Amino acid sequence: MNDRALMWKNLWRKPVRTILLVVSITIAFAILCVMLSFNDAISNVRTLPTRMITLSKINFTEPLPMAHYDRIARMEGVAVATHMNWFGGYFQEMPRGFLPVFAVDPETYFQVYAEDLQIPAEQRDAFFNDPTAMLVAAPVAEKFGWRVGQRIPIKSNIFTNSTSGDSTWEFMLAGTIPTPQGSSQTGSVLIHYDYFNETRTFGRDRIGWVPFLTTSAELNDRVSNAIDQRFANSADETSTNDEATFNKSFTAQLGNIALVITLVVGSAFIAILLIVGTTMALAVRERTKEVGVMKTLGFSSGRVLRMVLGESMLLAFLGAGFGALLALGLLAMAAGAGGGGPPVSLAPSALLWSALIALGLGLLTGLAPALQAYRMRIIDALGRR
Amino acid sequence: MTDLIRLTDVEKNYTRGKEKISIFDKLTMRIEQGDFVAIMGPSGSGKTTLLNLLGGTDKADKGAIEFDGKRIDNLNEGQLTAWRAANVGFIFQFYNLMPILTAAQNVELPLLLTKLAPKKRRENVATALKIVGLEDRAKHRPREMSGGQQQRVAIARAIVSDPKLLLCDEPTGDLDRTTADEILGTLQVLNRDLGKTIIMVTHDAQAAKFAKRTLHLDKGRFEQAELAA
């Protein structure tokens with residue numbers, strides 16, 4: 001036996017109480033890990049300094065006329081431009097079959113996002129040459145069990161197919177896009193804009209947004225100003241930003257994740273701080289006599305303090321560890337359930353934050369009872385007067 | 001015989017509210033090495049306070065307390081703690097065992113303060129449990145043992161680090177006569193065969209008969225001061 005074994009035994013003195021505490025800490029840490037991992041996945045998408053995006057000044061759901069794309073592509077400082085349109089796609093059923101399907105102009109899209117579209121030439125050509133072809137991120141194909149060459153019916157929850165009269169389009173899977181960590185194509189499904197545009201029943205010749213490359217990042221400000229001024233006071237005013245700013249504002253429109261994390265996790269941890277702190281104080285109070293006996297036997301006050309603190313640390317790290325494991329499971333389940341979006345894995349930063357918060361939680365909840373045990377006089381603890 | 005303990009003109013006061021209560025006023029006593037002394041006296045006579053002073057769990061206001069020729073009354077908290085661990089074994093009325101630990105683990109507790117290797121610790125624990133006749137209860141928890149057995153474990157815990165002095169506070173106060181006599185017999189063996197100096201506070205005249213001598217304390221003074229000094 002040693003001090004650590006003694007701490008462990010003390011921790012499990014009342015198993016039900018300890019289990020309930022560990023469960024509550026586990027849940028808080030699981031929420032923390034999941035939210036930080038989501039934030040990490042969203043904010044760590046790779047960006048190019050020369051890549052910019054023009055979209056409607058109103059918001060990104062408001063389409064722009066195709067003519068905007070033509071004008072932007074010809075503007076000074078723009079190396080190459082492409083355009084994208086949200087399809088609102090899903091496979092078979094929502095929400096499990098949700099897919100972020102983008103109708104794109106294949107050739108220019110491959111130029112603007114070249115670094116993330118390293119696929120075999122035959123797959124790229126198959127996509128270019130067949131208007132009904134589609135490319136999907138490899139994990140998406142894997143998730144639904146799709147094979148290259150297979151024809152896949154994709155439904156839209158926005159548009160209607162003028163050919164079939166319903167909301168289904170059938171696409172041939174031309175290839176899959178590998179999506180390493182940070183890839184801009186994570187979760188993507190790409191289809192031909194022209195095919196989509198010809199067969200949709202409304203909104204023709206309008207596009208969602210215009211990504212483009214500038215000839216130099218130093219020109220970004222000048223180009224963005226020129227574009228937005230060019231369309232100022234028109235029916236479709238624009239807002240042009242570099243890709244990083246666009247991603248940030250896109251995330252912001254989904255909700256201020258950082259604020260949500262701070263509020264949700266913060267309130268959870270404050271509640272836990274109070275619960276665990278009170279319980280630890282109660283646990284030490286229950287052991288008043290034992291603390292007195294230990295001191296009588298020759299355990300120094302400092303050693304008793306370390307043991308009580310160690311116990312609260314153990315509790316906090318146990319909860320943090322289980323929380324991280326639970327988060328791992330939840331993220332794996334989310335990856336299996338959801339179709340699109342970046343695949344979220346447990347972020348190393350989430351683990352680091354968990355360790356730091358567990359350290360703080362252990363210290364804060366253990367400090368008062370540890371000091372209480374430290375200051376306890378033997379004759380008071382044993383009632384020996 | 002040499003003196004193991006010597007108290008000289010010890011004063012101890014408590015304050016209760018604004019009232020100052022004098023427990024000892026110039027108390028003097030000495031205990032020889034290998035002695036087995038029973039201290040009797042009515043409630044409030046200062047028996048437990050005396051035990052606290054002798055065990056270094058409380059401090060005298062004035063006077064000198066010597067152990068084995070060295071002053072302990074001027075040691076600081078840390079020094080007293082280390083001194084207690086090395087020299088004193090405590091046996092309480094209600095055993096005060098840790099409920100979460102087995103008998104062997106309870107006995108091992110004082111050895112965590114030493115630098116003994118785990119194997120040597122286990123050997124010492126086994127020896128201590130054998131002395132009190134509980135080697136077959138090593139893995140039992142306190143709640144699985146009778147009061148007498150628990151007190152034996154407490155005795156094993158008190159002697160495992162081989163202290164010179166055993167301080168017993170009503171060690172049989174919670175036990176029936178037969179069990180109490182067994183425990184007192186064990187204390188006699190520790191005193192006679194292992195040379196432990198034992199100071200036992202008790203209300204029980206029968207228990208006191210197991211000691212070599214009895215001192216009566218009343219209102220902070222020994223009734224026969226010449227026997228104590």
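The values are calculated or read from the model by the stated rules, or taken from the named source; none is laboratory data. Predicted model only: the values in this text are computed from it and were never measured. Neighbour counts run over all protein chains shown; Cβ positions are idealised from the backbone, glycine included. The accessibility values were calculated without ligands, DNA or RNA, using every heavy atom of the protein model including side chains. Shrake-Rupley method; radii C 1.70, N 1.55, O 1.52, S 1.80 Å.
Among the residues of the range A:1-12, those identified as open to solvent by 40 Å² or more (accessible area, probe 1.4 Å) and under 17 Å from residue B:109 (Cα atoms) are A:1, A:2, A:4, A:8, A:9.
With the condition being in contact with a Ser or Thr (Cβ under 8 Å, 6 or more places away or on another chain), under 24 Å from residue A:207 (Cα atoms) and open to solvent by 10 Å² or more (accessible area, probe 1.4 Å), I'd like the strands (runs of 3 or more DSSP E) fully within the range A:117-194 carrying at least 2 qualifying residues. Explain how you work it out, then say what you get.
On the way: elements: A:133-137, A:151-156, A:168-177, A:189-192.
The strands (runs of 3 or more DSSP E) meeting that bar are A:151-156, A:168-177.
For the range A:1-27, the set of residues classified as away from chain B (no Cβ under 11 Å), over 17 Å from residue A:366 (Cβ atoms) and among the small types (Gly, Ala, Ser) is empty. All of A:5, A:67, A:30 fail the test of being part of a helix (DSSP H, G or I) and under 24 Å from residue A:234 (Cα atoms), apart from A:67.
Counting only helices (runs of 4 or more DSSP H) that sit wholly inside the range A:242-313, those with at least 2 residues that are modelled with pLDDT under 85 and buried (at least 16 other Cβ atoms within 10 Å of the Cβ) are A:243-254, A:257-286.
When you look at residue B:24, is it touching a helix residue (DSSP H, G or I) at 6+ places or on another chain (Cβ under 8 Å), within 14 Å of chain A (Cβ to nearest Cβ), farther than 29 Å from residue A:283 by Cβ and in a strand (DSSP E or B), yes or no? Show your work before the answer.
Numbers: touching a helix residue (DSSP H, G or I) at 6+ places or on another chain (Cβ under 8 Å): yes; within 14 Å of chain A (Cβ to nearest Cβ): yes; farther than 29 Å from residue A:283 by Cβ: yes; in a strand (DSSP E or B): yes.
Against the criterion (touching a helix residue (DSSP H, G or I) at 6+ places or on another chain (Cβ under 8 Å), within 14 Å of chain A (Cβ to nearest Cβ), farther than 29 Å from residue A:283 by Cβ and in a strand (DSSP E or B)), residue B:24 qualifies.
Whether a residue is in contact with a Gly (Cβ under 7 Å, 6 or more places away or on another chain) and either charged (D, E, K, R) or crowded, with 22+ Cβ neighbours inside 10 Å (or both) was assessed, and residue B:152 passes this test. Here the condition is being basic (Lys, Arg) and open to solvent by 10 Å² or more (accessible area, probe 1.4 Å); of A:206, A:200, it holds for A:206 alone.
Of all the numbered requirements in (1) within 25 Å of the chain's Cα centre (by Cα); (2) under 30 Å from residue A:223 (Cβ atoms), residue A:107 misses one, and that requirement is (1). For residue A:58, the criteria (1) part of a helix (DSSP H, G or I); (2) out of contact with any strand residue (DSSP E or B) (no Cβ under 8 Å at 6 or more places or on another chain); (3) of a type in the set (Val, Ile, Thr) hold in every case but one, which is (1). Open to solvent by 20 Å² or more (accessible area, probe 1.4 Å) and farther than 15 Å from residue A:53 by Cα - does that describe any residue in the range A:213-220? Yes, there is a match, as at least one residue in the range A:213-220 is open to solvent by 20 Å² or more (accessible area, probe 1.4 Å) and farther than 15 Å from residue A:53 by Cα. Candidates are the residues of the range A:84-99 that are open to solvent by 10 Å² or more (accessible area, probe 1.4 Å) and part of a loop (DSSP other than H, G, I, E, B); the one that is modelled with the highest pLDDT is A:91.
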